[in-house]
Amino acid sequence: MIADAELNNLIERLAQVYRNILAADGINASGKLSQFDTDFALEDNHFRIYFYLEPYWKWVEDGRPPGKMPPISAIEDWIRIKPIVPESRNGKVPDTKQLAYLISRKIGRDGYEGKKPMDRALHSFEGRDIIERIKNELINIIINENIR
């Protein structure tokens, strides 16, 4: 069992790189996406880092292909949180439900390109440096375990 304060610190720093990208890009409207726990484990000779993210993180990361409309209720929540102020068209201003339907329909028709915040965090200069330091810390732990 690995229990190392330096690993915890490095993983939390990596999580903060992700949170900073979310904030800088205005991706995190509700604030929920940046509120997550982290953990790590050595399983089957693989070191795994866990970020316990909101279920919708995958849509933020990878986007959504055309074909199916996302849930209108989720778009309504996003409109309220952001907040989105609709424009008048032909003298009419859509209400929240109508606007959510229009946005959902467009995403269903055209898809949505992901913002890749996790990928960018992992491949940023700071992210790569942290990952390298995690590797070095694991090597030190393995060497110290084998010496005992």
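The values are calculated or read from the model by the stated rules, or taken from the named source; none is laboratory data. The structure displayed is predicted, hence computed values, not measured ones. In this analysis, Cβ positions are derived from the backbone assuming ideal geometry, glycine residues included, and neighbour counts consider all displayed protein chains. With ligands, DNA and RNA removed, areas are computed over all heavy atoms of the protein, side chains included. Shrake-Rupley method; radii C 1.70, N 1.55, O 1.52, S 1.80 Å.
Counting only heavy atoms of the protein chains, get the accessible area per residue of segment 16-142 (1.4 Å probe) and round it to a whole Å² value. Spelled out: the 1.4 Å probe surface of segment 16-142, per residue, equals 68 Å².
The figure for residue 39 is an accessible area of roughly 70 square angstrom, using a 1.4 Å probe on the protein chains alone. Taking Cα centre as origin and charging only the Cβ of basic (Lys, Arg, +1) and acidic (Asp, Glu, -1) residues, the dipole magnitude of the chain rounds to 980 debye.
Only DSSP H runs of four or more residues enter the estimate; each adds -39500 (n - 2.57), and after division by the residues of the chain the mean residue ellipticity at 222 nm equals -17500 deg cm²/dmol. In a Debye calculation with equal point scatterers on the alpha-carbon sites of the chain and no solvent, what is log10 I(q)/I(0) at q = 0.10, 0.13, 0.18, 0.19 Å⁻¹? Treating every Cα as an identical point scatterer, log10 I(q)/I(0) equals -0.49, -0.71, -1.07, -1.15. Against the chain, whose longest principal axis comes from its Cα atoms, helix 96-110 is set at around 70 degrees. List nothing, just return the count: lysine pairs in segment 1-116, 8 or more apart or interchain, with Cα separation under 22 Å. Close lysine pairs found across segment 1-116: 22.
Rolling a 1.4 Å probe over the protein chains gives residue 58 an accessible area of about 100 Å².
Restricting the GluC sites (Glu not before Pro) of segment 39-148 to loop positions (DSSP other than H, G, I, E, B) with no more than 16 neighbouring Cβ atoms within 10 Å leaves 87.
Rounded to the nearest 10 square angstrom, residue 124 shows an accessible area of 30 square angstrom against a 1.4 Å probe. Helix 72-81 and the long axis of the chain differ in direction by around 80°, with both axes built from C-alpha atoms.
Averaging the sequence gap over all C-alpha pairs within less than 8 Å and six or more residues apart, then dividing by the number of residues, gives the chain a relative contact order of 30 percent.
When all protein chains stay in place and ligands, DNA and RNA are ignored, the 1.4 Å accessible-area order of 134, 107, 49, 142, largest first, is 142, 49, 107, 134.
Accessible surface of the chain, 1.4 Å probe: 52 percent of it comes from carbon and sulfur atoms.
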